[in-house]
Amino acid sequence: MGRRKRKIVRPPRKQLPKIFLCPRCGVNAVYVTSKDETQALVTCGNCGFKVEVPISPTDQPVDLYCKFTDKFYSRHS
Ligand SMILES: [Zn+2]
């Protein structure tokens, strides 16, 4: 008579990348911090380039990063 201990297997949660490639200096050092509920600050830890972007309720860090690169390229074109 054996009662098996049931192992709880949790599916691994997919981790979204939190550090991104900087379009300015090309270093993987860009991170997203939220200023408040409506504004996020996307900063490059290497060159110090930072952009404030608006947050939408559905935005993931990667979406904010996209807005950051959009602003970068629109500013430099
Ligand atoms: Zn940079």
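Just so it is clear, none of the values below were taken in a lab; they were calculated from the coordinates. What you see is a predicted model, and the numbers here were worked out from it, not measured in a lab. Glycine gets a Cβ as well: all are built from the backbone with ideal geometry, and neighbour counts include every protein chain shown.
Table for the structure above
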item: Within the range 43-60, tally of residues that are assigned to a strand (DSSP E or B) and polar (S, T, N, Q); result: 1
item: Tally of residues being surrounded by fewer than 16 Cβ atoms within 10 Å (Cβ to Cβ), more than 16 Å from the ligand (Cβ to nearest atom) and assigned to a strand (DSSP E or B) across the range 24-42; result: 2
item: Every pair of residues 6+ apart whose Cβ atoms lie under 7 Å, when the first sits in the range 32-45 and is without any contact (Cβ under 8 Å) to a residue 40 or more places away in the chain and over 14 Å from Ser56 (Cβ atoms) while the second is of a type in the set (S, T, N, Q) and surrounded by fewer than 13 Cβ atoms within 10 Å (Cβ to Cβ); result: Leu41/Thr33; Thr43/Thr33
